[in-house]
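The values are calculated or read from the model by the stated rules, or taken from the named source; none is laboratory data. Fair warning: this is a prediction, and the values are worked out from it, not measured in the lab. Cβ coordinates were reconstructed from backbone atoms using ideal geometry, including for glycine residues, and neighbour counts include every protein chain displayed. All accessible areas refer to the heavy atoms of the entire protein, side chains included, with ligands and DNA or RNA removed. Shrake-Rupley method; radii C 1.70, N 1.55, O 1.52, S 1.80 Å.
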Amino acid sequence: MRTRLIFVRHGESLHQIEGVVGGPHGCRGLTTLGHEQAHHLAQRLTGEVAADRPIAVYSSVLRRAVETAQPIGAAFGIRSVADCGLCTWHTPPYADGLPTARFRTEHAVPGGGVFRPFEDGNESWAELVVRVSRAIMEIAHRHRGATVILVGHSETVEGAFHALGAQPIFRGFDLDVPPASITEWTTDHDPGDWPPARWTLRRFADTGGWARA
């Protein structure tokens, strides 16, 4: 009863190029390259996922993730499901669309860190980890024994190391997750069992030959 979770970071996005906070309004979706990456991902994944296995596709609610997930879902003949739990930082409304550098400097919170937000009104890292981890585990429980593609952000991929890899909230290492990359975890145990299932990291940040954006 193998459960396979395939995490995809969205393709290159306009907010990355423009250097702005990409919230619900500040995110204007993918660049031309990002759309090409999304279609390439769809082709890769249909070649890697057995057609006879149950499959589901999820994405965060942000436009760049939705636009990456759409061709992937279409390639499998299904619609992707948007889940806000898979989102990157839930930044405050005032920051949406602001230059990222300005948000991080002008609105910085003294003493920000793991349990205290780095910016005024933002989530703390601990809050983000719990939110993303809960979404991942809910999806794994719902689709035990199936293959699930989760299209999100670098923080979504990082969240898997906490939810599935039992890493502490404050990790002793950093992760570099390029756009349009694939990270895969599997388990042969029931994700809903207690003690928690043991997961295996099969690959990390696999771009399939695409140049890093």
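Computed quantities for the displayed model
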item: For the chain, share of DSSP beta bridges that run antiparallel, in % to the nearest 5; result: 50 percent
item: Summed residue charge, Cβ within 14 Å of PHE103's Cβ, Lys/Arg positive, Asp/Glu negative; result: -4
item: HIS189, HIS107, HIS90, ranked by accessible area, largest first (probe 1.4 Å); result: HIS189, HIS90, HIS107
item: Estimated 222 nm signal from helices in the chain, with DSSP H stretches of n ≥ 4 weighted -39500 (n - 2.57), rounded to 500; result: -10000 deg cm²/dmol
item: Neighbour net charge for GLY159 - beta-carbon separation under 15 angstrom, K R +1, D E -1; result: -4
item: Loop-resident sites, segment 57-134, for chymotrypsin sites (Phe, Trp or Tyr not before Pro), counting at most 12 other Cβ within 10 Å (DSSP); result: PHE115
item: Loop chymotrypsin sites (Phe, Trp or Tyr not before Pro), segment 154-213 (other Cβ atoms within 10 Å of the site Cβ: 11 or fewer; DSSP); result: PHE170, PHE173
item: Estimated inter-spin distance, GLU138 and ILE17, nm [label 7 Å along Cα→Cβ]; result: 3.4 nm
item: Relative frequency of Cα-Cα separations exceeding 18 Å in segment 39-147, percent; result: 60 percent
item: Shape category assigned to the chain from the gyration tensor of Cα positions, a/c cut at 1.5; result: oblate
item: At R0 = 41 Å, FRET efficiency that the Cβ-Cβ distance of THR32 and TRP194 yields, to 0.05; result: 0.30
